[in-house]
Amino acid sequence: MSTPEQIRQRVAQADSARSARRSAAAQQVGELALRRAAVLGQLEEVEQALGDVLLAAQDVIDVDELARFTEVEAADLAQWLETRRTASTRRRKPRVDKGRKRTRTPAGASSPPEVVEAQAGRSEPTPPPEG
């Protein structure tokens, strides 16, 4: 029969081997996830560059013609082009009147929102124009 000390040692050895395998698996997953993130970043950059080229050249060559010349699927070319089109429109910032700030009208209110002057030293809201 095994002594309590021998049992503890056997359990510790078994746990040690399992712990080492768990640690190795976690490290591998972490490293592979980092590599994956880097590759996805590179892929995104390449796709953006493809979209930029397609967008810049669309006045001289269309997607179908490029597909014939390059043997790249027209659907892929169209997707890269559309991604760049939508990205470029999303980046445009709306024009903002820097001298005025609009406040929200409470739900159910019938009057237009108050316009508040954003000038320094003025704390009273300006009433809306009558009309």
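When region 23-77 is filtered for residues that are assigned to a helix (DSSP H, G or I), polar (S, T, N, Q) and within 21 Å of ALA87 (Cβ to Cβ), the ones remaining, listed by number, are GLN42, GLN48.
Would you confirm whether any residue within region 37-44 is surrounded by 14 or more Cβ atoms within 10 Å (Cβ to Cβ) and not hydroxyl-bearing (Ser, Thr, Tyr)? No, the conditions are met nowhere in region 37-44.
Read the figures in this text as sums done on the coordinates, not as results from a lab. In this text the structure is predicted, and so the values were computed from the model without any measurement. Every residue, glycine among them, receives a Cβ derived from its backbone with ideal geometry; neighbour counts consider all protein chains shown.
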